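The values are calculated or read from the model by the stated rules, or taken from the named source; none is laboratory data. Everything numeric in this text was worked out from a predicted model, so none of it was measured. Neighbour counts run over all protein chains shown; Cβ positions are idealised from the backbone, glycine included.
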Amino acid sequence: MKVYINVDHSSVMEHADDKLKTACEKALAEKYGKTVPRQIQERYASELDHIVANGFAPYYILASMLAAKSRELGYLHNLRGCAGGSFIVYLMGISETNPLPPHTYCPTCRRVEFVDAGQYPSGFDLNRRDTERKRCPNCGAALSGDGHDIPAEFFTGYDGGKTPDFDLNVAPEIREDMLRYLGEIFGEDNISFAGTKEMVSCDLLPHAMFSVLKRMEELTGVSASSIKFEDIDIFSFFMDDDFKGLPFDSELVRSISDTVFPTRFSDVTRILGFAHGRNVWTDNGENLAGTVCVPADAIAHRDDVMQTLLRHGIDRKTAFDFAETVRRGEAGTYLTKEREAMLLEHDVPAWYIDSMKKIKYLFPKAHSTEYAMNYLRMIWYKIHYPAAFYGKENI
Ligand SMILES: [Zn+2]
C-alpha cells in the first residue's frame with residue numbers, strides 16, 4: 001500500500017531555499033573539499049537554480065527529512081523512479097546514487113578525476129575485486145570509484161520545471177514512526193494523506209527488502225552499508241548460484257545473465273533495465289547483445305539513449321526528446337525519415353535505430369541503480385551468511 005503524505009506548504013517550509021542551499025553546500029564541501037571541481041559545481045548550480053526558480057525546495061527538504069528519519073531508525077531505504085538522477089537529491093542524502101559521470105575519488109584528499117564512461121559505465125566498475133586499487137597521484141591513498149552517469153533531466157524535466165515526485169521505499173515497520181515524526185514536526189493538522197492543493201507531497205511505499213536487510217545486520221553484525229560491492233563475485237553468483245530469496249524475476253534475470261555475462265556493478269544495473277522494460281530485451285536486446293554489439297551498448301535504460309546520442313554529437317535537447325519518446329514507446333512514429341536521416345548522419349548505427357523503434361517502455365537508470373545496490377547487499381549476505389539468509393528467505 002502506498003501512502004501519499006502531503007504537508008501544508010506554509011506550515012514549515014519557510015526559508016526552504018536557504019535550508020536547501022546550506023545543506024547542499026555543507027555536503028559539497030565535506031565530499032569534495034573547499035575547491036569543488038568545476039564540472040561538479042556547474043551541475044550543482046544548474047540543478048539548484050532550477051529548483052529555486054520553480055519553488056521546489058520544500059519537496060527536497062521533506063524527502064530529506066524522511067530519508068534522515070529512516071536512517072536514524074536504523075534502516076536503509078531507496079528511491080523509486082528517476083529521483084536518483086538528481087545530484088541535489090544525492091547531496092541531501094535522499095538517495096545513495098551519485099549521478100555524476102564516472103570518476104575516481106580519493107577518500108583522503110578528495111581528488112576527483114573523471115574517467116571514460118564507455119570503458120567504465122559506472123564509477124563502481126573501477127573498484128575491482130581481482131585488482132588492487134589505483135593510488136591517488138596527490139596523496140597516495142587507495143582510490144575508489146563513484147558516479148553512475150545519470151542525467152538530471154529525466155527527474156527535473158529538460159527546463160527543470162517538472163514537479164519533483166519523490167517515492168521512497170521504506171521498511172514497513174517504520175512507516176508509522178515516520179508518519180508520527182512528521183506529525184510532531186509539522187503538526188498533525190498540517191498533514192494529509194490524499195491529494196490536496198497548496199501542499200508538498202512525498203510517497204512512502206513499504207518494501208520488505210529493507211526489513212530483511214535490517215534483520216541480516218542484526219543476525220550477522222555486519223552493517224549493510226559497509227558491504228563493498230567489489231567483494232562480490234558477480235559473475236559466479238549470476239551464472240552459478242540460485243536466486244532464492246531475492247526479490248526479482250529469477251527466470252528472466254537468469255536468461256539475460258546467460259547472454260550478458262555480468263561481472264561489474266553496471267552490468268547488474270543493466271540487467272535490471274533489460275528486465276523491467278517492455279520490448280527492450282525480448283525480441284530486441286537479446287538478439288543484439290553479444291553478437292551485433294557488446295552487451296553494454298544495447299539499450300537498457302532511457303538514459304542510455306540520451307547518453308548515446310550525446311556521444312554521437314547530437315545536442316542535449318534533441319537527445320533528451322528522443323530518449324523520452326523511446327521510453328514511452330513512441331519512437332516508431334517519432335522517427336520520421338528526416339529524423340532518422342539526422343541520426344544516421346551522426347553515425348548512430350542502424351541497428352540502434354531499429355532497437356529504439358521496437359521499444360515499448362524504458363526503465364530509468366536511477367531506479368535500477370538504487371535497487372542494484374540493495375540487491376547486491378542481499379546477495380552478499382546470501383553468499384557469506386547462507387544459514388541466516390535462508391532462515392529469512394520468505395520475503
Ligand atoms: Zn588523495
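Just checking, does the range 312-324 include any residue being farther than 24 Å from Phe265 by Cβ and of a type in the set (S, T, N, Q)?
Yes, there is a match, as at least one residue in the range 312-324 is farther than 24 Å from Phe265 by Cβ and of a type in the set (S, T, N, Q).
Does at least one position in the range 46-55 carry a residue that is touching a helix residue (DSSP H, G or I) at 6+ places or on another chain (Cβ under 9 Å), over 27 Å from Arg377 (Cβ atoms) and modelled with pLDDT under 95?
The answer is yes, given that some residue of the range 46-55 is touching a helix residue (DSSP H, G or I) at 6+ places or on another chain (Cβ under 9 Å), over 27 Å from Arg377 (Cβ atoms) and modelled with pLDDT under 95.
Please work out if Arg302 is in contact (Cβ under 8 Å) with a residue 60 or more places away in the chain and not acidic (Asp, Glu).
It is true that Arg302 is in contact (Cβ under 8 Å) with a residue 60 or more places away in the chain and not acidic (Asp, Glu).
What is the one condition in (1) in a loop (DSSP other than H, G, I, E, B); (2) more than 23 Å from Phe248 (Cβ to Cβ) that Ile299 does not satisfy?
(2)
Considering only the range 133-230, give the strands (runs of 3 or more DSSP E) lying wholly within it that have at least 2 residues that are more than 17 Å from the chain's Cα centre (by Cα) and closer than 30 Å to Asp49 by Cα.
199-206
Is there any pair with a first residue in the range 99-125 that is assigned to a helix (DSSP H, G or I) and a second that is within 16 Å of the ligand (Cβ to nearest atom) whose Cβ atoms are under 6 Å apart and which are 6 or more apart or on different chains, and what are they?
Gly123/His103; Gly123/Gly145; Gly123/Asp146; Phe124/Gly145
Of all residues in the range 58-110, which are within 18 Å of the chain's Cα centre (by Cα) and within 16 Å of the ligand (Cβ to nearest atom)?
Answer for the range 58-110, where residues must be within 18 Å of the chain's Cα centre (by Cα) and within 16 Å of the ligand (Cβ to nearest atom): just His103.
How many of the residues in the range 111-142 are surrounded by 18 or more Cβ atoms within 10 Å (Cβ to Cβ), more than 15 Å from the ligand (Cβ to nearest atom) and of a type outside the set (A, V, I, L, M, F, W, C)?
6
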